[in-house]
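Colleague: One structure follows; several queries about it will come next.
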Amino acid sequence: MSVISVQTDPENLTLTLVAEFEARKERVWQVWEDPRQLERWWGPPTWPATFVRHEFSEGGECRYYMTGPDGEKARGWWKILSVDAPNGFEFQDGFAGDDGEPSGFLGTTRCVVSLEEQDGKTRMTSVSSFESAEQLE
């Protein structure tokens, strides 16, 4: 995966990430569908993810935690709002408490992921929308 661009738009409270994969769209889609593959990709390299629930369908919920270098855990959640396989999906996300459930800490983010294939490569665009400038920061 190569990150093509990352743009923050403080006026519209969005962050847009564009990445390109040397793979067909269906293959990139599989990473989102399969929690074991997603764990190898989601989050920073020094904070590996573990998905404990992964209901990747409209209305489904996901729960995960990332483990830091010192063993600390940061927990998160997703609620899948829509799925258009293998073209993209939309979800809400946020931080979770120790019980894995949404905590409300720093609010909720809405993310739209789009996949477009051209010449055997896939371009992924992820647009995250935030509730406030503080949350975007």
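The values are calculated or read from the model by the stated rules, or taken from the named source; none is laboratory data. As the structure is a computational prediction, the values presented were derived from the model and not from experiment. Because the Cβ atoms are built from the backbone with ideal geometry, glycine has one as well, and the counts that use them run over all protein chains shown. Just so you know, the surface numbers come from the protein's heavy atoms only, side chains and all, with ligands and any DNA or RNA stripped out. Shrake-Rupley method; radii C 1.70, N 1.55, O 1.52, S 1.80 Å.
Colleague: Say whether the condition of being open to solvent by less than 30 Å² (accessible area, probe 1.4 Å), closer than 21 Å to T14 by Cα and outside any strand (DSSP E or B) is met by at least one residue in the range 122-131.
Modeller: There is no residue in the range 122-131 that is open to solvent by less than 30 Å² (accessible area, probe 1.4 Å), closer than 21 Å to T14 by Cα and outside any strand (DSSP E or B).
Colleague: Which residue, of V6, V83, V52, is aliphatic (A, V, I, L, M) and touching a residue at least 40 places away in the same chain (Cβ under 8 Å)?
Modeller: Being aliphatic (A, V, I, L, M) and touching a residue at least 40 places away in the same chain (Cβ under 8 Å) holds for just one of V6, V83, V52, which is V52.
For every residue, the table says whether it meets (1) surrounded by fewer than 11 Cβ atoms within 10 Å (Cβ to Cβ); (2) within 22 Å of E137 (Cα to Cα).
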site	(1), (2)
V3	yes, yes
V6	no, yes
P10	no, yes
L13	no, yes
E20	no, no
E26	no, no
W42	no, yes
P45	yes, yes
P48	no, no
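Colleague: If we scan the range 15-32, do we find a residue that is over 17 Å from G88 (Cα atoms) and of a type in the set (K, R)?
Modeller: no
Residues checked against (1) crowded, with 18+ Cβ neighbours inside 10 Å; (2) at positive phi; (3) assigned to a strand (DSSP E or B):
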site: R63; (1), (2), (3): yes, no, yes
site: P69; (1), (2), (3): no, no, no
site: W78; (1), (2), (3): yes, no, yes
site: S82; (1), (2), (3): no, no, yes
site: F89; (1), (2), (3): yes, no, yes
site: D98; (1), (2), (3): no, no, no
site: L106; (1), (2), (3): no, yes, no
site: S114; (1), (2), (3): no, no, yes
